[in-house]
Amino acid sequence: MLDLGRLRALHAVSVHGSVAAAATALGYTPSAVSQQIAKLERETRTTLLERQGRGVALTEEARHLAATAQELLAIVERAETTLEERRGEPTGRLAIGAFATAARGLLPGVLAELGRRHPGLDARMTEVDPHLSIDLVARGMIDLAVAHDWDIAPLPAPEGVEQAVIGDDLCDLLVPEGHPLAARASVRREELTGERWICQPPGTVCHDWLIRTLRAAGCEPDVAHQAEEYHTQVALVAAGLGIAMIPRLGRGALPAGVVAVVLDPVPKRRLYALWRMGAARRPAITATVGALRGHWVGVGAAA
């Protein structure tokens, strides 16, 4: 009999592309995942991982076995969902993926509430890029994702994944104090030609949104500085090195030297909770979505 835990480890390596990334997703150490794969190789008398440069690659046999593992894990999930549904109380482990500002500005209160109200539920969060998190939900690596899209770039939800709206996060233009736009009540996007910008690196959702938004308004953005963290972007604005469009969620109070100016029209991103259709009956999913929406009422109003 093949061990389900070892199959789960192989499936995680298949999804995440490396032993280290699989270990992070599963909450194990890389050596523990490697040991699980090694035991599975002995059980199956098959080589499953091959060295490729500094990393590893799945063999053809491993890819077939990982696909079967995904089917088995889906069956186990359905069985667990049925048991939890019959109990009528959120229980078991719930793996949540959330993008950075939601992880900082929304999830702490949600996770604390779930822990207080449902002691049998073990909710665990991992910070994940919003587009990656949706794929992880579809593949069964996480149970629920908190993701977002922008007004000009709708979020693609794959077949078999359900979603619910949490709320809308508004975005402001941040400029250095003393900038010509700092005294304005509002600014239109067409007026931003020639500015030096601070934003996320290419390939991220927010970078792509900024480029598309400004080009749609007839502006070709000059991206002078790139930083993953919004707090770093705010610090760069405070130093007078450029301007930035930054959402309000998780932003916190602005430091001295930074002014928020309203954009007309106001850009917004919509927050969603997403989960697999087969898990929709889990009380844990229902409770978590309810907690997300409930906390957004206060967080969104404060932002």
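The values are calculated or read from the model by the stated rules, or taken from the named source; none is laboratory data. Predicted, not measured: the structure shown is a model, and the values here were computed from it. Cβ sites come from the backbone with ideal geometry, for glycine too, and all protein chains shown count toward neighbours. These area figures cover heavy atoms from the full protein model, side chains too; ligands, DNA and RNA do not enter into them. Shrake-Rupley method; radii C 1.70, N 1.55, O 1.52, S 1.80 Å.
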- [ ] Assuming a ≥ b ≥ c are the square roots of the Cα gyration tensor eigenvalues, decide whether region 180-248 counts as rounded (a/c under 1.5), prolate (otherwise, with a/b larger than b/c) or oblate.
- [x] oblate
- [ ] Would you mind checking the tilt of helix 30-44 against the longest principal axis of the Cα atoms of the chain, expressed as 0 to 90 degrees and rounded to 10?
- [x] 30 degrees
TODO: Could you pull out every residue, at least 5 positions away or on a different chain, whose amide H is within less than 5 Å of the one on residue 28? Hs are placed 1.01 Å off N in the peptide plane, and Pro or chain starts have none.
DONE: none
- [ ] Among (i) 71, 49, 32; (ii) 65, 48, 42; (iii) 54, 42, 38, find the value of Cα extents along the principal axes in Å that was calculated from the structure presented, and write down its label.
- [x] (i)
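Can you order the peptides 269-277, 157-165 by their average number of other Cβ atoms within 10 Å per residue, highest first?
My ranking of the peptides, most packed first, is 269-277, 157-165.
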Task: In Hz, Karplus ³J(HN,Hα) per residue of region 66-73 (6.51, -1.76, 1.60; θ = phi - 60°; x = Gly, Pro) - done: 5, 5, 5, 4, 4, 5, 5, 5
Task: Rounded percent of accessible protein surface that carbon and sulfur make up, the chain, 1.4 Å probe - done: 52 percent
Task: Loop sites in region 1-73: trypsin sites (Lys or Arg not before Pro), DSSP, at most 11 other Cβ within 10 Å - done: 45, 54
- [ ] Please list, in chain and number order, the residues 5+ apart from residue 172 or on another chain whose amide H is under 5 Å from its amide H, with Hs placed from the backbone.
- [x] 246, 248
TODO: Would you kindly state how much longer the chain becomes between residue 280 and residue 266 on full extension, computed as 0.36 nm times their sequence separation minus their alpha carbon distance, in nm to one decimal?
DONE: 1.7 nm
- [ ] Taking the Cβ of residue 214 as the centre, find all other residues whose Cβ is under 14 Å away and add up their charges (Lys, Arg: +1; Asp, Glu: -1).
- [x] -2
Open item on the list: For a Förster distance of 35 Å, can you work out the FRET efficiency between the beta-carbons of residue 50 and residue 212, rounded to the nearest 0.05?
Closed with: 0.30
Open item on the list: Sequence gap at least 6, Cα distance under 8 Å: using those rules, report the relative contact order of the chain to the nearest whole percent.
Closed with: 22 percent
Open item on the list: Please compute the contact order of region 87-158 in relative form: average sequence separation of alpha-carbon pairs under 8 Å and at least six residues apart, divided by the residue count, as a percent.
Closed with: 39 percent
Task: Calculated FRET value between residue 76 and residue 297, using beta carbons and R₀ = 45 Å, to 0.05 - done: 0.80
Open item on the list: Before I look further, what does region 129-283 give for accessible area per residue, probe 1.4 Å, in whole square angstrom?
Closed with: 43 Å²
Open item on the list: List the residues, sorted by chain then number, that are 5 or more residues from residue 259 or on another chain and whose placed amide H is less than 5 Å from its amide H.
Closed with: 175, 177
